[in-house]
Structure formats: structure tokens, C-alpha cells
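The structure appears right after this line, and notes come after that.
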Amino acid sequence: MRSPRALPDGCLSTPKWEIIPTRTLPDMTRRVSHTNTCHKLLILLGFFFFHRRSIETALALLLIWSPSISAFALAKPPPKANISLFPLVTKGLEQPVFVTHSGDQGQRLFIVEQAGRIRILEKGRLLPTPFLDITDRINFGGERGLLGLAFHPKFSNNGRFFVNYSRAADGATVISEFQVSDTINLAKPAEKILLTISQPYGNHNGGMIAFGPDGFLYMATGDGGAGEDPGNRGQNQTELLGKILRIDIDHGAPYSIPQDNPFATQQHGQEIFAFGFRNPWRFSFDQMTGELWAADVGHYRWEEIDRVEKGKNYGWRIMEGMHCFKPSTDCPQAGLTLPVAEYANESGRCSITGGYVYRGQQIPHLQGTYIFGDYCSGEVMGLVNNRVTVFLSTGLRIASFGEDATGELYVVDHGGGVYRITGPPAAKLGQAQSSHRKSELPNTTHGSEERDLFK
Ligand SMILES: [Ca+2]
């Protein structure tokens, strides 16, 4: 809230009242979008003299005073999310950034440590020997490191898996293939590099890789940094930064371009599936529908969720979320696909972490809900009727979500933990929350180290 130190400019203008549908938090109608501080002050004084004994009026004044407060206060209670976290591992992990499964019906979870290791969690135990350790090939720090892991859909037959990492020498993005060894919990160290993408700056490296229902490997690249996409790379349809890419790793050497990729006939950019992204750190496929959901981390104002379709332009840097960015007004929106939803960088929120559409069996009321979160606020959120709804405040630094073979979901705490999302009863919630670090919520001041981690 702002404090009225002096009457601001605009006191003599006509206040503009407007009701706009919310594009931020759930079930809200945001009012007073165009009233300025002066108008609010005059309204407040008027109400005070006519209704000064009324508590309700005092509350009404608060609503008028701050758009953000009005947004919260006008909200209907969010749907009962009734989820909690069960801690699977909270010790022995170094900056985990992802968790997934190998699809071979095993009970193992594979946890990616940013420094360059893949760890195995088997029957509740974190195995001491990494599945893979390539720390010596990794440029680790900030937004760089071992960032993504995807097992081949036929991993149980062919032992192939793929990673996305920042190369030690220069931070370039490398998409590389590995093989499991004769020992099922150990990978061979030899790699086959599929794709290398130079990075102009240290940040905005994307990181996610995953197989789509079409059997192709999808990869997220950021715009390459630094800030505001100075090279306009997200919109450049001939380079691979600021994109979601798609390749066929079952044909060609080292891969081939799917025939229906939108720019398959170009000399450059054949790998592009969709474009106009800033830093789509995490994306996923709905196990049931095959739809591709991506969360694109915003600049300093708007975090967005995209339903990604082939060949479409998701707007960056022309737009940030649903708002003009460059130019800041009257930006050309023809041909752009707006997000399904967005939320503002406020109340401690600063960086969206994309998740999954829940298709598990254990939490029936979550069925079909896109679950995601925010790295800074530690909130687990869900998309309910295309509205962003806070389900759970965890205090964790949510670096990623993950999905197991049965569709159950996991939360990865960058501070060193992996939690399963469970429904009620929340018998174990107290245990999970004992490790919460509300007091360590990162400063959302622009440029802070915490904030920039996946910005
Ligand atoms: Ca966008």
C-alpha cells in the first residue's frame, strides 16, 4: 500500500472507475484500476464523515484504498484444495532441480542435482552412489548447471536417457544422450552430444526436456538473457533461443527434424516447435490429453501459463504475460497467443515454476487440475477454471515439480528436498512443514540473487 504523503498529480481529473476481470489470483474482480491516490483519499474522507461509526465502512474504505487488498478481500474463498506435502527426502541432496521416473515400472525416482548429478531414491532411501555424475562437465551456478532429464519412452528396452546441461567451458546449452550400464542403478559416463546452443549470457537457459506423446523430444530454451531480451531472440524464427524445440532422436544422426515442425524447411530454426518465450523453465504433457503446458517466467511483473501448440508465437518480448512489454503500450498483438492465465509478482511471488496436470489416483479432487508453483513465495498453486488459485503455502523454494509413473506429483525444494503431494488427511503435514523456512523467503527486490536464480 502506498502512504498519502501529499496529494498526487491528477486530483482535478475525473476518476475512472472500471471493473476488470481478474487475471491474477482466484475468483477476484479487481476494482478501482484507474483511480489514483488522490481520488481514493477524497473518497475515504467522504465515507469517513458520513459513516464514521461503521466498521463495515472502514473495511470498504480499505477495499477502495488498495487494488491489491480489494482483490483479496473481494475474492470468494478458494476451493478447498486439501493437499499436503509428505517429505520423501530432506537430507543429502545438493540443490535439486528436478525429479522424474524412468517409466520402467520400477519404484525409483531420479533426482537431478544442479551441480551435475542424478540421484536415485529407491524404496524411500537416497542411494549414496549417483546414477550419473558429470559435475566435471558442468558449468554450475546461478541458472546454469544440470537442468533437465528425460528417459526414453522405451528406456526399459534401450536404456537411453537424455540430459540438458550448461557446458563447463562456456555455459553453452548441451542436449546429450547417455546409456544405463549393466548395473541398473548406474549409468555409463560416455555421452553422445545431440545439440549445442551457444548462450550469450549466463541466465535464461530454459532447461526442461521431455518426450511428447508423439515420441519426439521437446526442449525448452530461454531467450539467452540478460534482461528484456536485448537480441529479440524470442521472436527470431531462425535461432533456437526463446523457444520450445522438438526433435526426433530415433532417426537420423544425431537426430532428425519431424516433418511437420513449423520451420522444417528453413535453413535455420528447423528444431523450433513454438516461439516467443522468455524462460520456459518447466513444461509438461498432460498424460491424458497430450496437451503441452508451459510456464514462462516473467520479467519483473507477470508470470504466465501457456498451452503450447505447434507454430504459435507466445509473445515475448512484445508482451509479458497479457501486457505490452516492448513497446509498453499499443504493442502489435496480431498473431500472438496469450497465456491461459497469469499472476502478478506481488505478495512474495517472483518466478513461476511450471508443473503438471494431475492424473494420479490418490487425490481424486485434483484430477485434471494443472498444478504449479512459485519459486519465491513457495506456494503450490492450481489452475481452477483458468484462474490461479493458491492451494498450499510451503515456504519451500520450489524449483520444480515432478511426476511418477502413476501420475502422482512431487515438489522439489531447491534447498534440498523432495516431497510428494498428497491429499487429506494431512497427518504428515506437520513433519513436512517443520522444514519450512518462511523466514528465509527471498527478497523480491529487483536484481537480488535469490530472485535471479531462475528469472
Ligand atoms: Ca508470453
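The values are calculated or read from the model by the stated rules, or taken from the named source; none is laboratory data. What you see is a predicted model, and the numbers here were worked out from it, not measured in a lab. Cβ sites come from the backbone with ideal geometry, for glycine too, and all protein chains shown count toward neighbours.
Taking region 310-334, which residues are of a type in the set (D, E, K, R) and either within 13 Å of the ligand (Cβ to nearest atom) or surrounded by 15 or more Cβ atoms within 10 Å (Cβ to Cβ) (or both)?
Start the filter on region 310-334 by keeping residues that are of a type in the set (D, E, K, R), which leaves 310, 312, 317, 320, 326, 330.
Matches in region 310-334: 312, 317, 320, 326.
Comparison of 391, 372 shows that the only residue that is more than 16 Å from the ligand (Cβ to nearest atom) and either among the aromatic types (Phe, Trp, Tyr) or part of a loop (DSSP other than H, G, I, E, B) (or both) is 391.
With the structure loaded, tell me whether residue 276 is buried (at least 24 other Cβ atoms within 10 Å of the Cβ), among the small types (Gly, Ala, Ser) and within 15 Å of the chain's Cα centre (by Cα) or whether it fails that test.
On the way: buried (at least 24 other Cβ atoms within 10 Å of the Cβ): yes; among the small types (Gly, Ala, Ser): yes; within 15 Å of the chain's Cα centre (by Cα): no.
No: the conditions fail for residue 276.
Among the residues of region 425-443, is any in contact with a helix residue (DSSP H, G or I) (Cβ under 7 Å, 6 or more places away or on another chain), at pLDDT below 95 and assigned to a loop (DSSP other than H, G, I, E, B)? Yes, there is a match, as at least one residue in region 425-443 is in contact with a helix residue (DSSP H, G or I) (Cβ under 7 Å, 6 or more places away or on another chain), at pLDDT below 95 and assigned to a loop (DSSP other than H, G, I, E, B). Of all residues in region 395-416, those satisfying the criterion of being over 21 Å from residue 206 (Cβ atoms) and surrounded by fewer than 24 Cβ atoms within 10 Å (Cβ to Cβ) are 395, 404, 405, 406, 407, 408, 415, 416. When we screen 266, 199, 259 for residues that are out of contact with any Asp or Glu (no Cβ under 7 Å at 6 or more places or on another chain) and crowded, with 19+ Cβ neighbours inside 10 Å, the only hit is 199. Of all the listed residues (397, 317), the sole one being touching a helix residue (DSSP H, G or I) at 6+ places or on another chain (Cβ under 9 Å), basic (Lys, Arg) and assigned by TED's automatic domain parsing to the domain that holds residue 242 is 397. Taking each residue of region 311-326 that is farther than 25 Å from residue 263 by Cα and looking for partners that are more than 10 Å from the ligand (Cβ to nearest atom) with beta-carbon atoms closer than 6 Å, six or more apart or interchain, yields 322/23; 324/331.
Only residues that are part of a strand (DSSP E or B), more than 16 Å from the ligand (Cβ to nearest atom) and of a type in the set (Val, Ile, Thr): list them for region 242-256, please.
First, the residues of region 242-256 that are part of a strand (DSSP E or B): 243-248, 256.
Subsequent filtering for residues that are more than 16 Å from the ligand (Cβ to nearest atom) retains 245-248, 256.
The answer is 247, and nothing else.
The number of residues in region 257-302 being closer than 20 Å to residue 335 by Cα, more than 16 Å from the ligand (Cβ to nearest atom) and among the aromatic types (Phe, Trp, Tyr) comes to 1. The residues of region 114-149 that are within 22 Å of the chain's Cα centre (by Cα), outside any strand (DSSP E or B) and among the small types (Gly, Ala, Ser), listed by number, are 115, 116, 142, 145.
Of the residues making up region 335-366, those that are surrounded by fewer than 22 Cβ atoms within 10 Å (Cβ to Cβ), within 16 Å of the ligand (Cβ to nearest atom) and not in a loop (DSSP other than H, G, I, E, B) are 336, 344.
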